[in-house]
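Presented below is the structure to which this report refers.
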Amino acid sequence: MKAQPEQRQPHKPQAGESSTMDAVRLRRVNRWLAQGLGGELADLYVDSRQRSAAAAYRSRSRLDFLARLAADIRRPGFAMVIAETDHLVGYAFGFPVASDGFWWLGFDGALPQSIEQLTASGCVFAITSILVQPHPQDQDVARRLQERLLSDHQASLGATLVDPDDHLALASLRSSGWLDVGEVWRPGPTMFRALVFPLGERTTARLEGLDHDAWTRWPG
């Protein structure tokens, strides 16, 4: 469902908000507010995933989503940014990656040195979930959500893990600037594609060539 044009006065951003386009605003949410928004976030998740038969087939249930959100909220440094008009239209949340690199445990092969260095310096933030309601500018909203989440935590690199069979999610992330850097194996065993999102020209330059190398070593 596309967001309908609003018939009201232009919103003036308050503290903690920034305008992403004429109708959509970003707002930072702490863990307590995130708990209160759980039902709305789950509704948006279920509604958006059900719009694609392929996505719905692989998507978690409402209860699974709420359980994952609750687990992330308890993590140190948890943060969320939401996108809204007169209702919720998107969100992104996650937590800082510890400098010990434990988050990368199970990475297939040697972790690229640039990513290892950024992790050790505390500059990596794991974005564990991002979703934007279908909208003419949803890619722009998604990118701004990601950038806001990273900049608020002075992180220069976002990181996420994606089911390799979720081609829609992979295509969407890659089209919005995420780079595929390899495979991560977790207990199960379960394999995920590891993607990173560089913030700023300096970080992008440090990661130059990684996306090409990853697809050469680990073809999709």
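What follows is calculated from the coordinates using simple rules that are stated; it is not laboratory data. Given the structure is predicted, the values throughout are model-derived calculations rather than measurements. Every residue, glycine as well, gets a Cβ built from its backbone with ideal geometry; the counts of neighbours run over all protein chains shown.
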Inset, instruction - Place a label point 7 angstrom from the Cα of Gln113 along the Cα-to-Cβ direction, then list the residues of segment 132-165 whose backbone nitrogen is under 17 Å away. - result: none
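Near Arg75, within a Cβ-to-Cβ distance under 12 Å, what is the net charge of the other residues, with Lys and Arg +1 and Asp and Glu -1?
Working: positive: Arg31, Arg68, Arg74; negative: Asp72.
Result for the local shell: +2.
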Inset, instruction - Calculate the spin-label point distance for Asp165 paired with Glu208, positioning each point 7 Å from the Cα along the beta-carbon direction, and give it in nanometres. - result: 3.9 nm
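Grab the beta carbon distance between Trp32 and Arg174, set R0 = 35 Å, and tell me the FRET efficiency rounded to 0.05. Working shown, then result.
Numbers: r = 34 Å, r/R0 = 0.97.
FRET efficiency, Trp32 to Arg174: 0.55.
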Legend entry - Largest-first principal axis extents, alpha carbons of segment 65-187, Å: 45, 30, 27
Inset, instruction - Assuming a ≥ b ≥ c are the square roots of the Cα gyration tensor eigenvalues, decide whether segment 122-210 counts as rounded (a/c under 1.5), prolate (otherwise, with a/b larger than b/c) or oblate. - result: oblate
Inset, instruction - Could you sort 124-136, 96-108 so that the peptide with the highest average Cβ count within 10 Å comes first and the rest follow in order? - result: 124-136, 96-108
Legend entry - Distance between segment 163-199 and segment 95-160 - C-alpha centres, whole angstrom: 11 Å
